[in-house]
Amino acid sequence: MERSRREFLKIAGASAAVGLGARPMIEAVAAATGHQATPQARVARHPDALKATRWAMVVDTRKIESAEQIEKMVEACHKEHNVPMLENERHRIKWIWETHFHNAFPSQATDHVSEHLEHIGLPVMCNHCENPPCVRACPTKATFKRASDGIVMMDFHRCIGCRFCMAACPYGSRSFNFRDPRPFIAEINKAYPTRMKGVVEKCNFCVERLAVGKLPACVEVSDGILTFGDLDDPESEVSQLLKENYAIRRKTNLGTGPSVYYIV
Amino acid sequence: MNDKGKIVTGLVIFAAVVTFPFWYNLGKAAPPPEVVLTEKAKAAGECVLPKEEIRTEHMKLLDVWRDTQVRDGQTVYINAKGKAYTMSLSNTCLDCHSNYKDFCDRCHAYASTDPYCWDCHIDNPKEGE
Amino acid sequence: MLELALKGTKKYWGLLVVLGGIAGVAFLTYLYQLQFGLGITGLSRDVSWGFYIAQFTFLVGVAAGGVMVVLPYYLHDYKAFGRITIMGEFLAVASLVMCLLFIMVDLGQPMRMLNVLFYPTPNSMLFYDMIVLNGYLFLNIVVGWNVLEAERNGTHYQPWLKPLIYLSIPWAISIHTVTAYLYCGLPGRGFWLTAILAPRFLASAFAAGPALLILLCLIVRRFTQFDPGREQIQSLAKIVTYAIIANVFFFLCEVFVAGYSQIPEHTDHLKYLFFGLHGKGVLVPWMWTSMGLMLGSIILLVVPATRRHEGVLAVSCAMVFIGAWIDKGLGLISGGFVPNPLHEVNEYMPTAPEVMITLGVWAVGFIVLTILYKIAVSVKEENAGVLRTRVVKG
């Protein structure tokens with residue numbers, strides 16, 4: 001980080017880094033166009049960007065009726081992020097997928113699960129843990145937890161493909177590009193990059209959409225099954241939902257603190 | 001030492017091999033590349049940074065954009081003139097310069113560099129081109 | 001001393017050519033992997049580490065095992081081992097070269113390997129693994145080489161080597177401890193999540209490393225003028241005996257904890273390895289073979305008559321080595337990944353290209369080992385020759 005700051009200043013020809021990036025965009029533009037002696041480049045957030053200190057998702061399993069509903073979420077996500085569809089089962093890449101309650105919650109599975117849960121599938125994805133073991137394991141900080149909003153992200157540029165994070169993740173939420181994914185993307189979304197072979201990828205809570213004021217792609221097509229919001233804001237929809245309903249999280253005994261909740 | 005002959009021959013061969021690229025290419029200087037600007041780039045008239053700067057510093061700028069965008073969650077770059085751009089190789093740079101073969105590659109080939117940006121960033125984001 | 005590696009018999013050069021050939025074919029296979037990606041291996045999104053990382057883990061053990069000749073000689077002044085410490089050190093060098101190569105061939109983006117240095121991350125165990133492995137490689141090259149050179153010149157080694165020698169002893173323990181920490185600190189992998197993993201790794205290391213060393217001593221005696229010595233081999237055999245017993249004991253402790261507590265997260269992996277799970281169990285025959293080999297070797301090693309017989313000892317050592325290799329090189333990694341975190345059983349078996357690349361790395365390791373041993377043995381032979389002429393003249 002230190003290095004890029006320096007580089008940035010060099011390029012921008014700026015003399016001071018005070019407030020760099022911290023100012024809201026409007027103020028920044030005003031300063032640049034207004035009465036500044038030495039104009040300098042700066043970065044800012046998009047004015048519409050959604051803000052939170054801890055993003056979380058609530059899955060209301062009571063609203064799940066059919067596999068098609070989850071199918072829709074998977075499709076929206078994978079299309080948005082250029083996730084390939086590989087023929088080889090072993091190499092498949094999954095950001096969000098459908099699985100059974102027994103698989104999502106192996107230690108909570110009993111012989112007498114409610115009839116509803118027994119018959120539906122659940123959407124599973126990266127849990128964006130509060131205390132993510134994958135981030136602890138990564139030797140290059142290619143996967144990291146964003147301090148500002150708690151999203152666990154991947155920097156594909158930096159990943160060396162050691163797959164330590166895959167061993168560390170207790171949810172099987174990470175996939176590896178065992179080969180060049182491009183030929184297996186049916187319809188390329190040209191606004192989002194693809195990946196190259198040899199790097200790990202996973203759900204990113206749609207950071208690229210949050211940054212321009214949109215909700216995650218899966219949430220938009222979820223028929224109200226998925227709710228997304230800030231857990232630190234007691235007024236947010238997710239906080240309200242969790243206040244009124246009993247929800248469980250996957251493998252809480254491991255101390256990872258998942259940000260995806262399931263109302264059962 | 002009676003190995004003098006061998007040593008000298010060896011040295012001559014070594015020197016010849018090492019300098020081979022120089023005399024092989026002697027007098028065959030490649031012409032400086034000419035890049036093609038798309039209509040959109042021409043219409044825009046100016047780039048994120050002044051022409052000379054972007055030409056020599058674009059890789060550094062992209063490096064900073066990458067880290068700021070991916071790691072800090074800032075998505076907008078405001079240049080010294082106060083103009084705002086989305087920090088995105090795919091959606092900003094390659095939107096104007098949608099002809100990477102006639103634009104990016106020309107100089108890269110000349111400078112004998114082989115960046116792999118396009119392995120992931122779609123080379124031509126414009127529909128129907 | 002390097003010139004000693006250039007004067008050898010036909011057999012010596014023949015061995016190097018054969019190993020070089022294997023390494024060459026493997027290198028071409030690796031180029032294919034580099035171009036296609038790790039998809040040419042049997043790895044999957046569920047079993048994301050396989051043969052390469054397993055070999056790496058096993059070989060860290062072999063490298064650490066070298067300390068079993070260094071420690072008695074330098075700390076307990078056990079003179080007999082002075083003859084063969086160099087063999088332990090050079091075995092460690094060759095093993096570490098293989099370890100580093102196995103990590104390299106396992107990376108998805110090996111060109112970015114230096115990111116580990118550009119963005120040092122002290123919370124990652126791989127960061128420490130990089131430090132201890134490279135450090136141990138450095139220590140063994142410096143100590144081994146200088147002590148051997150001093151021996152050749154008939155002088156005492158330089159005093160500044162002493163602290164490095166002492167440092168190398170705890171360092172040997174550290175390389176395998178940190179390698180165990182790669183696994184045993186991961187939540188949600190019940191098979192590895194055990195405090196006894198590092199001790200277990202060390203026990204199997206101190207069995208497999210010296211077992212290989214005994215075999216190498218026997219080979220050296222057979223093909224060169226240098227005899228590592230009967231006493232030395234017998235002392236190593238006792239070390240192997242205790243270590244393999246400790247290894248099996250630690251394993252049985254694991255079996256007890258998993259089996260008696262009956263916590264599914266822990267039992268499932270053992271069930272998969274030894275009986276198969278959900279009808280899948282490619283590793284079952286391998287695991288029982290491994291157990292059979294290790295238990296059989298214990299009997300052969302404990303009974304004095306069979307331990308003292310060098311022919312039988314060679315067989316027991318091979319059994320220890322192969323048994324530990326299956327246990328660590330096949331079972332440990334696969335066993336930890338199956339069943340996966342969603343309790344699905346997706347098995348792993350290495351593919352042909354993967355095995356080829358693995359063989360290639362072993363070949364490179366044995367090239368290094370052959371050359372280093374050639375140098376060491378030549379020095380020993382020279383010194384013996386000098387002594388002989390002195391005796392004749394006197």
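The values are calculated or read from the model by the stated rules, or taken from the named source; none is laboratory data. None of these values were measured; they are calculated from a predicted model. Virtual Cβ from ideal backbone geometry, glycine too; neighbours counted across all protein chains shown.
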Subset of the range A:74-95, residues away from every other protein chain (no Cβ under 12 Å), among the β-branched types (Val, Ile, Thr) and assigned to a loop (DSSP other than H, G, I, E, B), comes to A:Val83
Failed item in (1) in contact (Cβ under 8 Å) with a residue 12 or more places away in the chain; (2) at the interface with another protein chain (Cβ under 7 Å from one of its Cβ atoms); (3) under 17 Å from C:Trp49 (Cβ atoms), with A:Arg174 passing the rest: (2)
List pairs: first in the range C:43-58 and touching a residue at least 24 places away in the same chain (Cβ under 8 Å), second of a type in the set (Lys, Arg), Cβ under 7 Å, 6+ apart or cross-chain? C:Ser44/A:Arg90; C:Ser48/A:Arg163; C:Trp49/A:Arg163; C:Ala54/C:Lys328; C:Thr57/C:Lys328; C:Phe58/C:Lys328
Determine whether A:Val59 is of a type in the set (A, V, I, L, M), away from every other protein chain (no Cβ under 12 Å) and over 30 Å from A:Glu235 (Cβ atoms). no
Among (1) surrounded by fewer than 24 Cβ atoms within 10 Å (Cβ to Cβ); (2) more than 26 Å from C:Pro187 (Cβ to Cβ); (3) out of contact with any Cys (no Cβ under 8 Å at 6 or more places or on another chain); (4) within 12 Å of chain C (Cβ to nearest Cβ), which single condition is A:Lys141 missing? (2)
Here is a list: A:Thr256, A:Thr194, A:Thr252. Which entry is buried (at least 17 other Cβ atoms within 10 Å of the Cβ), among the β-branched types (Val, Ile, Thr) and farther than 29 Å from B:Tyr116 by Cα? A:Thr256
From the option list A:Glu98, A:Glu71, A:Glu118, single residue qualifying as in contact with a Leu (Cβ under 8 Å, 6 or more places away or on another chain), outside any loop (DSSP other than H, G, I, E, B), acidic (Asp, Glu) and in contact (Cβ under 8 Å) with a residue 12 or more places away in the chain is A:Glu98
Return the total of residues in the range C:284-306 being crowded, with 18+ Cβ neighbours inside 10 Å and in contact with a Ser or Thr (Cβ under 7 Å, 6 or more places away or on another chain). 3
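Taking A:Ile70, is it buried (at least 22 other Cβ atoms within 10 Å of the Cβ), within 14 Å of chain C (Cβ to nearest Cβ) and either in contact with a Gly (Cβ under 8 Å, 6 or more places away or on another chain) or modelled with pLDDT of 95 or more (or both)?
No.
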So, C:Thr85, is that one over 16 Å from the mean Cα position of the chain (by Cα) and hydroxyl-bearing (Ser, Thr, Tyr) or not? yes
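Select, from C:Arg152, C:Arg189, C:Arg200, the only residue that is facing another protein chain (nearest Cβ under 10 Å) and either among the aromatic types (Phe, Trp, Tyr) or touching a residue at least 40 places away in the same chain (Cβ under 8 Å) (or both).
Working: C:Arg152 fails: facing another protein chain (nearest Cβ under 10 Å); C:Arg200 fails: facing another protein chain (nearest Cβ under 10 Å).
Only one candidate passes the filter, namely C:Arg189.
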So, of the residues in the range B:70-129 that are within 14 Å of chain A (Cβ to nearest Cβ) and of a type in the set (Lys, Arg), which turns out to be nearest to the chain's Cα centre (by Cα)? B:Lys126
The one condition B:Ala15 fails out of (1) part of a helix (DSSP H, G or I); (2) at the interface with another protein chain (Cβ under 8 Å from one of its Cβ atoms) is (2)
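Quick test for you: out of C:Gly209, C:Gly281, pick the one residue that is within 24 Å of C:Ala92 (Cβ to Cβ) and buried (at least 16 other Cβ atoms within 10 Å of the Cβ). Walk me through how you get there before you give the answer.
Working: C:Gly281 fails: within 24 Å of C:Ala92 (Cβ to Cβ).
Unique residue meeting the criteria: C:Gly209.
Applying the selection to the range C:147-158, what residues are part of a helix (DSSP H, G or I) and surrounded by fewer than 16 Cβ atoms within 10 Å (Cβ to Cβ)? So that I can check it myself, show each step before the final result.
Going through the range C:147-158, the residues part of a helix (DSSP H, G or I) turn out to be C:147-153.
Scanning the range C:147-158 gives C:Glu149, C:Ala150, C:Asn153.
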Scan the range A:104-123 residue by residue and report those that are closer than 25 Å to A:Val83 by Cα and within 8 Å of another protein chain (Cβ to nearest Cβ). A:Ala104
Residue check, A:Cys165 within 12 Å of chain C (Cβ to nearest Cβ) and in contact with a Cys (Cβ under 6 Å, 6 or more places away or on another chain): yes
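Just to be sure, is A:Cys134 more than 9 Å from chain C (Cβ to nearest Cβ) and part of a helix (DSSP H, G or I)? Write out each step before concluding.
Numbers: more than 9 Å from chain C (Cβ to nearest Cβ): yes; part of a helix (DSSP H, G or I): yes.
Against the criterion (more than 9 Å from chain C (Cβ to nearest Cβ) and part of a helix (DSSP H, G or I)), A:Cys134 qualifies.
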Given the conditions (1) under 18 Å from A:Cys206 (Cα atoms); (2) of a type in the set (S, T, N, Q); (3) at pLDDT below 95, every one holds for A:Asn88 apart from (1)
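Please pick out the residue among C:Leu133, C:Leu148 that is aliphatic (A, V, I, L, M) and modelled with pLDDT of 95 or more.
Details: C:Leu148 fails: modelled with pLDDT of 95 or more.
None of the other options fit; the residue is C:Leu133.
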Restricting to the range C:212-236, name every residue that is more than 16 Å from C:Gly66 (Cβ to Cβ) and surrounded by 19 or more Cβ atoms within 10 Å (Cβ to Cβ). C:Phe226
Within the range A:220-237, can you find the residues that are touching a Phe, Trp or Tyr at 6+ places or on another chain (Cβ under 8 Å) and either part of a loop (DSSP other than H, G, I, E, B) or buried (at least 22 other Cβ atoms within 10 Å of the Cβ) (or both)? A:Phe228, A:Gly229, A:Leu231
Which of the residues that make up the range A:184-215 are outside any loop (DSSP other than H, G, I, E, B) and more than 12 Å from chain C (Cβ to nearest Cβ)? A:Val207, A:Glu208, A:Arg209, A:Leu210
Hey, any hits in the range B:54-66 for a residue that's out of contact with any Pro (no Cβ under 8 Å at 6 or more places or on another chain), acidic (Asp, Glu) and part of a loop (DSSP other than H, G, I, E, B)? no
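Restricting attention to helices (runs of 4 or more DSSP H) lying wholly within the range C:59-131, give those where 1 or more residues are acidic (Asp, Glu).
Here the list reads C:85-106.
Can you tell me which residues in the range C:307-321 are β-branched (Val, Ile, Thr) and touching a helix residue (DSSP H, G or I) at 6+ places or on another chain (Cβ under 6 Å)? Full working, then the answer.
Taking the range C:307-321 as the starting set, the residues that turn out to be β-branched (Val, Ile, Thr) are C:312, C:315, C:320.
Answer for the range C:307-321, where residues must be β-branched (Val, Ile, Thr) and touching a helix residue (DSSP H, G or I) at 6+ places or on another chain (Cβ under 6 Å): C:Val312, C:Val320.
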